[in-house]
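**Q** Got a structure here, written out as structure tokens. Questions coming.
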DNA sequence: GCAAAAGTGTTCTATGTACACCCATGT
DNA sequence: ACATGGGTGTACATAGAACACTTTTGC
């Protein structure tokens with residue numbers, strides 16, 4: 001074993017048969033904003049281990065797939081949605097030998113951001129899927145997730161919070177046509193904070209390529225109609241959006 | 001296969017035997033600064049595939065190890081150094097089915113930053129290891145690396161460049177006792193830029209916990225002796241260091 | 001004294017913050 | 001009319017950029 005373990009792509013000999021089976025999986029942190037709250041798609045497990053616990057959706061990487069393709073396929077299979085343009089970004093890989101009690105499973109975690117609107121409520125057809133509000137999960141009184149999925153979820157949420165600062169990622173959380181206030185509410189939900197509407201608007205409009213005006217307005221209910229925009233081609237925000245500290249009133253509910 | 005591939009941690013049945021063998025490896029991007037140039041540790045391959053090409057050090061994850069432990073062990077084995085306090089940070093996982101022509105290998109890449117001084121020159125005992133200047137590798141005329149290691153190296157370097165902005169990572173590139181100018185030369189080497197010494201000094205000293213004064217001075221050659229510092233306990237820089245665009249004079253040599 | 005590198009002072013400007021105020025719609 | 005949310009104006013504070021200037025050593 002010692003001999004075999006020292007071999008590898010950079011070594012002279014190579015004997016994969018000397019290693020026990022390792023399974024490679026993907027786990028998905030699928031985020032959206034529902035009713036102003038950052039939420040994640042979870043699956044209720046029907047089998048041991050962690051029977052009846054909630055877990056991130058995921059599955060094994062097939063022999064002919066890149067892990068990113070596995071993530072997209074698993075998403076289609078578990079949600080029934082075939083949305084083009086969803087981008088899965090790799091968070092990290094989790095490989096503790098004990099993370100799955102059955103066998104060695106190395107899991108590559110991905111995060112994706114979806115707009116709220118056109119989603120079939122998970123839990124209608126597949127009765128074991130649901131959206132969970134992040135703040136209800138990542139606090140002491142929340143239900144622990146299966147395996148190391150609480151860690152994965154934490155890392156995925158922190159990644160999204162960070163990327164909002166210096167990328168135009170917020171547009172992924174919003175429908176194709178949106179208002180500046182829609183975009184601001186994305187930031188407020190993900191960061192659990194309140195942003196000054198006037199300054200936020202100037203910041204977004206002064207960043208070239210962040211959003212593109214459509215010369216149309218909403219015909220919503222009360223208040224002055226808002227201008228509509230679509231996402232621009234910019235991906236990086238320069239300078240970055242400043243992240244305010246979470247405000248007490250939005251901290252937990 | 002379809003049946004087996006749909007099983008997994010979140011599914012009812014589980015048949016890992018239905019999957020072909022997958023090997024899990026780690027690859028290491030070990031960076032340091034030598035003669036003012038950001039450099040990486042490479043190994044010259046002695047076997048096919050990619051015989052005589054240069055590659056990142058690495059090896060397979062053993063059954064009882066976390067991938068991070070594998071990274072530390074491979075580093076010890078390939079350098080002969082047992083430095084405590086070296087931190088390996090996960091970059092990403094590379095899992096293209098074709099990335100290794102021999103079999104399916106999923107590789108988890110790590111990056112580490114070392115100070116220059118106390119390192120035995122790789123290539124003395126193991127005649128196939130050497131430090132390469134990053135700028136000589138990541139340009140069109142450089143030698144291509146084995147496998148997808150050019151991509152991994154790119155991602156690792158970009159990670160380090162980004163983390164210099166908002167963390168105190170630069171202290172990892174520098175010996176235990178250092179001057180503000182030493183620290184500035186780290187930024188200049190990693191970013192290929194020139195920083196204003198006066199403004200850099202104020203920036204570092206005004207960030208609480210970035211560095212701690214030792215009330216000693218260097219007795220170097222020419223010029224006024226500099227105050228010595230050690231790394232502080234801070235890890236995040238708030239506000240971040242601003243990254244200047246690469247200057248033409250330092251761009252390539 | 002002079003060169004060289006370290007360290008301080010100061011001005012200018014860009015950018016974020018706070019808040020007052022006006023605009024356009026539904027009821 | 002007035003409540004409500006959208007949008008603009010403006011004064012202030014913070015912090016980075018640029019550069020002049022002083023300090024402390026070796027030669």
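**Q** Which ones in segment B:96-114 are more than 7 Å from chain A (Cβ to nearest Cβ) and in contact with a helix residue (DSSP H, G or I) (Cβ under 6 Å, 6 or more places away or on another chain)?
**A** Filtering segment B:96-114 for residues more than 7 Å from chain A (Cβ to nearest Cβ) gives B:98-99, B:101, B:107, B:109-114.
Within segment B:96-114, B:109, B:110, B:111, B:113 meet the criteria.
Table: residues versus (1) within 7 Å of another protein chain (Cβ to nearest Cβ); (2) touching a helix residue (DSSP H, G or I) at 6+ places or on another chain (Cβ under 9 Å); (3) surrounded by 14 or more Cβ atoms within 10 Å (Cβ to Cβ).
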site: A:43; (1), (2), (3): yes, yes, yes
site: A:60; (1), (2), (3): yes, yes, yes
site: A:76; (1), (2), (3): no, no, no
site: A:80; (1), (2), (3): no, no, no
site: A:87; (1), (2), (3): no, yes, no
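**Q** Go through segment B:178-251 and tell me which helices (runs of 4 or more DSSP H), entirely inside it, have 3 or more residues that are more than 11 Å from DNA strand C (Cβ to nearest atom) and under 21 Å from residue B:33 (Cβ atoms).
**A** Numbers: elements: B:180-191, B:197-206, B:248-251.
Per the criteria, B:180-191, B:248-251.
**Q** Within segment B:212-237, which residues are without any contact (Cβ under 8 Å) to a residue 40 or more places away in the chain and either more than 10 Å from DNA strand D (Cβ to nearest atom) or within 14 Å of chain A (Cβ to nearest Cβ) (or both)?
**A** Our first condition is that a residue be without any contact (Cβ under 8 Å) to a residue 40 or more places away in the chain; within segment B:212-237, this holds for B:212-225, B:233.
B:212, B:213, B:214, B:215, B:216, B:233 - these are the residues of segment B:212-237 that are without any contact (Cβ under 8 Å) to a residue 40 or more places away in the chain and either more than 10 Å from DNA strand D (Cβ to nearest atom) or within 14 Å of chain A (Cβ to nearest Cβ) (or both).
**Q** Return the residues of segment A:129-164 that are loosely packed, with under 15 Cβ neighbours inside 10 Å and touching a strand residue (DSSP E or B) at 6+ places or on another chain (Cβ under 8 Å); say none if nothing qualifies.
**A** Selection gives A:143 alone.
**Q** Kindly evaluate residue A:175 against the criterion of being within 12 Å of DNA strand C (Cβ to nearest atom) and away from chain B (no Cβ under 14 Å).
**A** Considered against the rule, which asks whether it is within 12 Å of DNA strand C (Cβ to nearest atom) and away from chain B (no Cβ under 14 Å), residue A:175 comes out as no.
**Q** May I pose another question? Does residue B:85 meet the test of being part of a loop (DSSP other than H, G, I, E, B), modelled with pLDDT under 95 and touching a strand residue (DSSP E or B) at 6+ places or on another chain (Cβ under 6 Å)?
**A** Against the criterion (part of a loop (DSSP other than H, G, I, E, B), modelled with pLDDT under 95 and touching a strand residue (DSSP E or B) at 6+ places or on another chain (Cβ under 6 Å)), residue B:85 does not qualify.
The values are calculated or read from the model by the stated rules, or taken from the named source; none is laboratory data. Note that the structure is predicted; figures quoted are calculated from it, not measured. We place every Cβ from the backbone using ideal geometry, glycine too, and count neighbours over all the protein chains shown.
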